[in-house]
Every structure is written in structure tokens, then in C-alpha cells.
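The values are calculated or read from the model by the stated rules, or taken from the named source; none is laboratory data. Since we're looking at a predicted model, the values are computed, not measured. Backbone-built Cβ (ideal geometry, glycine too); neighbour counts: all protein chains shown. Keep in mind that these areas ignore ligands, DNA and RNA; they rest on the heavy atoms of the full protein, side chains included. Shrake-Rupley method; radii C 1.70, N 1.55, O 1.52, S 1.80 Å.
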Amino acid sequence: MARMRHVRARLSRRASAERLSTLGIDVYIGAARFTGLNAVAVDGQILRFKKALIATGARPLLPPISGLAEAGYLTNENVFELTECPERLLVIGGGPLGCELAQAFSRFGSQVTIVEKEPMFLSQEERDAAQILSGVLARDGIDVRLNTDVVNVQRRGNEKRVELVDAGNKGVVVVDHILVGIGRKPNVEDINLEGAGVEYHRDSGVRVNDFLQTTNSRIYASGDVCLEHKFMHIEDASARLVVHNALFSGRERLSALTIPWCTYTDPEIAHVGLYVTEAIRKRIPVKTFTVLMHDVDRAIADGEEEGFVKIHVKERSDKILGATVVARHAGEMINNIALAISSGLGLDKLARVIHPYPTQSAAIKMAADSYHRTRLTPSRKWLLKRWLAW
Ligand SMILES: Cc1cc2nc3c(=O)[nH]c(=O)nc-3n(C[C@H](O)[C@H](O)[C@H](O)COP(=O)(O)OP(=O)(O)OC[C@H]3O[C@@H](n4cnc5c(N)ncnc54)[C@H](O)[C@@H]3O)c2cc1C
């Protein structure tokens, strides 16, 4: 944890107020609040603008569990300040944050219980990716409770007694700390969006169009305050898009961006583009090429055989619609596929890429090779067989 805080401090220097000032940006420290359609007040001063960007982010969402507030809990805002490893930890929520931290604390030595109300973790991900994760967490010694609700918490001295309900069956776990990771809520209150003519919803955040413009055309929004997927690189991409759309000619659309993401468990789970369920919903016929990591030489050599590469293409074409990678380094591997999608390269082109041997990303080429094999016509197959027999 001390190392993590050191790294965090080092990385945060890049976005420090000091650095921004040296770049020529006027930095005001304080809570900003709109005072009209083209002005904000901050620290007693009124700042007028031609264009503005709302990037107030999000904060932890808290579940309405009786006794939780009184018993005390950790969130992503204070869990990283712990200086002692909790002996027993309950994690509420099986999204990326819950799964990452449950696994990390378990590997530090905590006895971790993770509770998720849905029947699987990472509810947006492909089912088999989520299943691998449940298996891995259970193998790490984590007490995995899917389909389970936390209904009550009571503090008893330094302990917390937590009541769980799973398909009508009640159970109790006793822990030292509770970490809540059920999602994040956009920071839309206290900035007088109404006064600025900016529409918003408390759950989904500031309403924006595909150009990230709010209902006040001078004001844009980016990042967690307005987007469904709350990730650092999406904030970065959306803020760049706003700078382009607000200050330069030509307009870029959010929907045109290819955005991958990754959950940093071990193995990692990374995704880009469409999920199969989305493609089906959009009536796009899909064919999937899958390679299991235990068939990839480098993964075998590294002892990192858990996972797969799955690439979805539009049927009868090599157009890549989306991909999921579950592998130790999935976050690095998905970039190859994101590059292919954003550059309009199909699986046929990926099959022609030469990878050094041995690498784990060879799994992508293997998936592309499987696509190639489907292109062999019966006559070509026959010729190939004859040639091999000769
Ligand atoms: C524990 C944790 C781990 C994460 N890990 C990853 C990861 O590995 N990869 C990844 O891609 N993403 C990760 N994320 C998500 C990522 O941090 C966010 O998506 C990203 O920071 C969003 O940027 P943002 O600028 O929209 O909001 P923020 O980074 O939240 O910034 C908003 C800022 O606005 C300030 N603010 C709010 N209201 C006002 C106001 N009225 N006046 C002035 N200032 C105001 C806030 O204080 C804050 O500093 C993680 C998030 C958490 C919580």
C-alpha cells in the first residue's frame, strides 16, 4: 500500500495544479458553481466564458443497507489509505473495482468475502469471461457469494456482523471492514446546472449529444459526469473530443470512437467493440473465432494458461465487430484488436501480421488463422490435401 501511495503521488504530478499553471493555465482552487448561462463563480470570483467544459467526475454510489452507515464502510476514496491489512474483509459489489480489490486484498492475506446480487461478476462482460473470474477468485480462497443481497449490518465492538440473503436463505458473515464498490454516481449537484440551462439526470449525469454538447450549446461535458463507461482513458478521449469540437472546425462524434477497457484482475479481462448480445440486438449476424490460452505456447511457458481470445466478426466477412481477451496481459493484447478496428483492418490483415515467437498475443493471430481456414473453398481444400499428400 505504501508503494502504491508513492506511485500514485508520482503519477499525479502530471496533473498537478502547479504543472497546469506552468503550462499557462489559470487555475482556481475551489468549488465552481454556474451563475448563469455563461458564467461560473469560484472562490468569490465570477469567471465569464465563451465555452465551458463540465468535468466534475463521479463519487461512490452507496447502497441503502440498514445499519451500514452506522457501522462504517470503506469506498474507493478511503480504502487506499489503509495502513493495516484487514483480517476479514467484505466486498459489496462484483464490478471491476470490487473484483480487483477483492483479489488484491485476498493475495495480501485478508480473508475476503465478495457479495454480488447478480448471478455473475462483471455483468456487462461475456458470460465465459465472468465465469473464469468467479473460478479464479474462488481458487484464491475468496468466499464468492453470487445472487446474494446484503440486507443488514450491525457493529459489535470492532467487528461488523453482516446479514446476507441468497435465494431466500439467510446467512451471516462477521468481518473487520466492509468495502462498498457498487458503482459511481455523477457529480451533478451543487453546481447549479439548472441556472446554466444544462439538463441532467441524477443517475446518468449531464445530458450530452454525440458531440458532447449539453443542452446549453456553449457548455460541453466529458468523463464520468456524463458517460456510461467511467474510465480514465474514456475521460481523456472525450475531453480531447470536446477541445476539438469546441475550439476547432469540424466536429467529431463520440460514437465514432473505438474504446477498449480492461479489468485488472489476474487474469485481466479486456474488451473492445460489440458484445455478441449487442450484435444480436442490432440484428448483425456474428461469427466468433476463439483461441484458448492453454493452446498458446508462450502462455504455457509462462504458466498463465487461464483465459481466451475471442474475436467476433460480421458473418461472411472479416470485419471485426468486437473482441474479449481473458489473459494475464489482456490489457496489452486488446490494443492490437482496438488498432485493427479503429483502422478498419479485418481479420484477414491480422492473419498476415508476423509475431515474434513466443508471445501471448500470438493468440490473436491464431484466431485470425482460424478465420482464414474458413475461407478455403472445397476445391482449394482438395488441392491442398493432394499437395500435402504428394
Ligand atoms: C479506485 C478507482 C480505480 C480506478 N481505476 C481505473 C483504471 O485502472 N483505469 C481506468 O481507466 N479508470 C479507472 N478509474 C476511473 C477513473 O479514475 C475515472 O474514470 C476518471 O478519473 C474520470 O475522470 P473525470 O475527469 O471525469 O473525473 P475525476 O477524475 O473524478 O475528476 C473530477 C474532479 O472535479 C472536481 N470537482 C467536482 N465538483 C467540482 C466543483 N463543483 N468545482 C470544482 N471542482 C469540482 C473533483 O474534486 C475532481 O477532482 C478508477 C476509479 C477509481 C475510483
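Looking across the stretch 370-390, the residues that are closer than 30 Å to Ala323 by Cα and open to solvent by 50 Å² or more (accessible area, probe 1.4 Å) come down to His372, Arg373, Thr374, Arg375, Leu376, Thr377, Pro378, Arg380, Lys381. Here Leu20 fits the description: open to solvent by less than 70 Å² (accessible area, probe 1.4 Å) and more than 11 Å from the ligand (Cβ to nearest atom).
Does the stretch 271-291 include one or more residues that are within 14 Å of the ligand (Cβ to nearest atom), touching a residue at least 60 places away in the same chain (Cβ under 8 Å) and either under 22 Å from the mean Cα position of the chain (by Cα) or open to solvent by 40 Å² or more (accessible area, probe 1.4 Å) (or both)? Taking every residue of the stretch 271-291 in turn, at least one turns out to be within 14 Å of the ligand (Cβ to nearest atom), touching a residue at least 60 places away in the same chain (Cβ under 8 Å) and either under 22 Å from the mean Cα position of the chain (by Cα) or open to solvent by 40 Å² or more (accessible area, probe 1.4 Å) (or both). Screening Arg107 with (1) open to solvent by 10 Å² or more (accessible area, probe 1.4 Å); (2) within 27 Å of Glu305 (Cα to Cα); (3) within 16 Å of the ligand (Cβ to nearest atom); (4) not β-branched (Val, Ile, Thr) gives one miss only, at (3).
Taken over the stretch 80-103, the residue count meeting the criterion of being surrounded by fewer than 22 Cβ atoms within 10 Å (Cβ to Cβ), within 16 Å of the ligand (Cβ to nearest atom) and more than 17 Å from the chain's Cα centre (by Cα) is 3.
Take the stretch 199-224 and flag every residue that is in contact (Cβ under 8 Å) with a residue 60 or more places away in the chain and surrounded by fewer than 23 Cβ atoms within 10 Å (Cβ to Cβ).
Answer for the stretch 199-224, where residues must be in contact (Cβ under 8 Å) with a residue 60 or more places away in the chain and surrounded by fewer than 23 Cβ atoms within 10 Å (Cβ to Cβ): Asn216, Arg218.
Suppose the filter is open to solvent by less than 30 Å² (accessible area, probe 1.4 Å) and within 14 Å of the ligand (Cβ to nearest atom); does Ala31 pass it? No: the conditions fail for Ala31.
Checking each residue in the stretch 37-77 for being on the phi > 0 side of the Ramachandran plot and within 16 Å of the ligand (Cβ to nearest atom) picks out Asp43, Gly44, Gly57. In the stretch 236-268, the qualifying residues are those that are assigned to a strand (DSSP E or B) and open to solvent by 20 Å² or more (accessible area, probe 1.4 Å), and the one that is farthest from the ligand (Cβ to nearest atom) is Glu268.
The set of residues in the stretch 315-364 being farther than 24 Å from Leu122 by Cβ and surrounded by 20 or more Cβ atoms within 10 Å (Cβ to Cβ) consists of Asp318, Leu347, Leu350, Ala362.
Here His233, His229 are screened, and the one residue that is over 26 Å from Thr374 (Cα atoms), within 16 Å of the ligand (Cβ to nearest atom), touching a Pro at 6+ places or on another chain (Cβ under 9 Å) and free of Cβ contacts under 8 Å to residues at least 60 places away in the same chain is His233.
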